[in-house]
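K.L.:
After the structure tokens below, expect a handful of questions from me.
The values are calculated or read from the model by the stated rules, or taken from the named source; none is laboratory data. From a predicted model like this one, the values you see are computed outputs, not experimental measurements. Here Cβ is always computed from backbone atoms with ideal geometry, including for glycine, and neighbour counts include all displayed protein chains.
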Amino acid sequence: MYADADARPRTTWTSSALADALTRDARAVERYSRHLVLQPHGAQLQRALSRARVLVVGAGGLGCPTAMYLASSGVGVVGVCDGDVVELSNLHRQIGHGVARVGELKCASLKSTLEALNDGVHIVTHACFVTPENVVDLIREYDVVCDCTDNPRTRYMLSDACAGTTTPLVSAAAVGFEGQLSVYCAKREVVDDSVVRHTPAPCYRCVFPTPPAAGDRGTCGASGVLGVVPGVMGTLQALEATKTIAGIGESMCGKLLVFDSMSARPTTTLNVATERNPKCVRCGDAHFDVAKYDYDAFLSTPCPTAFVARDDDRIARGGLDVHAALPHGPGASINAEMQASGPWTRVTPREFDARAFDCVVDVRPSRLYDVAHLEGSISIPIDALDGDTARAVLEKYIHANDDDEPIRKSVCFVCAGGNNSQRAADWFAQTETGKRARVYDLCGGLAAWRREVDATFPQLS
């Protein structure tokens, strides 16, 4: 790793087989003829593309169109990094995959698609997820990196690594009906037809020094996405990567493109940081080490002041802390001590299936409940669980006895993956109403229910 951004060796273009083929292979000339005749950059553009090495991180909704356009345009080496597998829920937006490839590694599936598009480029697969330990080695051999992921952890890791090696990072995002695009970490200047120069530019941290609050970290799985939106953003990402490779056009470095698919004027370009911030955790520290940086601690940074004040007030009034630590740990974890003596109990999917509960409360967002839910369950999103209406509903279920004898009704909370159901159960069990009930939550959530009991239940997140 280059601790000093200026220590990165300048890239010198050398002849590649594909670049040579442009002058002697009639088939290659025909393939790229619409590029070659472009004025004034045609020949320069195609030579630059043929000699470039681009890493696409994420073979999903953004990565598919990005990689497909780069490969079809003749980028010499296209790397595809993804450790995930193709799922049916991916196919409405991840156009590089198909039904026959469900269950296959995404990077392998996309490689097949790219090779079918262009047999004259070299496709390299990295069947892994990005980690602090591997990120620098992953990007080292590439001239440009395209961040096609959908989570802050990977975004910051890629930016930190690219800032250290002065590698241009073309970053895009797509959630819901909206998208964003920018270029970080380095500017790429074409000096002449044989040499390029990378100069330092603001990194992702320079523009976004603090991560979004946990509740505001939208992903396609949790928030949904209109299928064509990542297609648009991925295509724009490929365009920006092409401009960056060839050193043509006006760069998005120092700018942020905001896309609103529901607007008749869908794009807005904002001016952001144009110089690296000397106070930036990454750019201001020549000894920053990605492998040793604590990303978990950074991503658990408290929310912006307005959100903290709102949540503190909510908790002070006896409300639910939607960012509370998980008593049993993430997902399907079960803490034996907590299970034995805690005020509520986790039940496995099979235990849940074998018994009847007086009330099953689904705390997922209502939009997910409306698509698919367990029969007989009621919808109270976790953000509304401590509201007066929700309290009244739960009170009604707890006291809906058939006679005058008090009966401890059973209430089970469910969510997508077994995290928010814990927070809901832990909060409710300590309320006056909850103390008069037997409180449970579904271990592992509806994802575990689908795996272990009902494979027909749709996977929504």
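K.L.:
Just to be sure before I move on: is GLU115 charged (D, E, K, R) and in contact (Cβ under 8 Å) with a residue 60 or more places away in the chain in the structure I sent?
P.N.:
Answer is no for this residue.
K.L.:
Given the condition at pLDDT below 85, assigned by TED's automatic domain parsing to the domain that holds SER341 and part of a helix (DSSP H, G or I), answer yes or no: does some residue in the stretch 379-386 qualify?
P.N.:
Filtering the stretch 379-386 down to residues at pLDDT below 85 leaves 386.
Within this subset, residues satisfying the condition of being assigned by TED's automatic domain parsing to the domain that holds SER341 are 386.
Now restrict to residues that are part of a helix (DSSP H, G or I): none.
Checking the stretch 379-386: not a single residue is at pLDDT below 85, assigned by TED's automatic domain parsing to the domain that holds SER341 and part of a helix (DSSP H, G or I).
K.L.:
When you look at SER109, is it closer than 30 Å to VAL322 by Cβ, of a type in the set (Gly, Ala, Ser) and modelled with pLDDT of 95 or more, yes or no?
P.N.:
Here the answer is no, as SER109 does not meet what is asked.
Conditions (1) without any contact (Cβ under 8 Å) to a residue 24 or more places away in the chain; (2) in a loop (DSSP other than H, G, I, E, B); (3) not basic (Lys, Arg), marked per residue:
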position	(1), (2), (3)
GLY331	no, yes, yes
GLU337	yes, no, yes
PHE352	no, no, yes
ARG367	no, no, no
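K.L.:
If I filter the stretch 333-359 down to residues being touching a His at 6+ places or on another chain (Cβ under 9 Å) and either aromatic (Phe, Trp, Tyr) or buried (at least 17 other Cβ atoms within 10 Å of the Cβ) (or both), which single residue comes out as modelled with the lowest pLDDT? Spell out the reasoning first.
P.N.:
So the first thing to find is which residues in the stretch 333-359 are touching a His at 6+ places or on another chain (Cβ under 9 Å), and the list is 334-335, 338-339, 342, 346.
When the remaining residues are screened for being either aromatic (Phe, Trp, Tyr) or buried (at least 17 other Cβ atoms within 10 Å of the Cβ) (or both), the result is 338, 346.
Values: MET338: 84, ARG346: 95.
Per the stated criteria, the residue is MET338.
K.L.:
Does ALA67 fit the bill of being assigned to a loop (DSSP other than H, G, I, E, B), touching a residue at least 24 places away in the same chain (Cβ under 8 Å), surrounded by 15 or more Cβ atoms within 10 Å (Cβ to Cβ) and under 21 Å from the mean Cα position of the chain (by Cα)?
P.N.:
Taking the combined requirement at face value, the residue does not satisfy it.
K.L.:
Check ALA297, ALA286, ALA241 and return the single one that is hydrophobic (A, V, I, L, M, F, W, C), farther than 16 Å from TYR156 by Cα and modelled with pLDDT under 95.
P.N.:
From the options ALA297, ALA286, ALA241, the qualifying one is ALA286.
K.L.:
Which ones in the stretch 405-461 are part of a loop (DSSP other than H, G, I, E, B) and under 15 Å from ASP386 (Cβ atoms)?
P.N.:
Listed by number, the residues that qualify are GLN430, THR431, GLU432, THR433.
K.L.:
For the stretch 97-109, state whether one or more residues are assigned to a loop (DSSP other than H, G, I, E, B), free of Cβ contacts under 8 Å to residues at least 40 places away in the same chain, over 19 Å from GLN237 (Cβ atoms) and within 16 Å of the chain's Cα centre (by Cα).
P.N.:
No - not one qualifying residue is present in the stretch 97-109.
K.L.:
List every residue pair whose Cβ atoms sit under 6 Å apart, with the two residues 6 or more apart in sequence or on different chains, where the first one lies in the stretch 269-288 and is more than 12 Å from PRO202 (Cβ to Cβ) and the second, anywhere, is of a type in the set (S, T, N, Q) and surrounded by fewer than 18 Cβ atoms within 10 Å (Cβ to Cβ).
P.N.:
none
K.L.:
Within the stretch 140-151, which residues are closer than 19 Å to ALA291 by Cα, buried (at least 24 other Cβ atoms within 10 Å of the Cβ) and of a type outside the set (Asp, Glu)?
P.N.:
Correct list: VAL145 only.
Okay, residues lined up against (1) more than 30 Å from LEU460 (Cα to Cα); (2) under 18 Å from the mean Cα position of the chain (by Cα); (3) in the same structural domain as GLY176 (by TED's automatic domain parsing); (4) in a loop (DSSP other than H, G, I, E, B):
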| position | (1), (2), (3), (4) |
| --- | --- |
| GLY61 | no, yes, yes, yes |
| GLN94 | no, yes, yes, yes |
| LYS111 | no, no, yes, no |
| ASP119 | yes, no, yes, yes |
| TYR142 | yes, no, yes, yes |
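The rows are residues; the columns are (1) closer than 29 Å to GLY224 by Cβ; (2) out of contact with any helix residue (DSSP H, G or I) (no Cβ under 7 Å at 6 or more places or on another chain); (3) of a type in the set (A, V, I, L, M).
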{"site": "ARG367", "(1), (2), (3)": "yes, yes, no"}
{"site": "PRO381", "(1), (2), (3)": "yes, no, no"}
{"site": "VAL393", "(1), (2), (3)": "yes, yes, yes"}
{"site": "SER410", "(1), (2), (3)": "no, yes, no"}
{"site": "ASN419", "(1), (2), (3)": "yes, yes, no"}
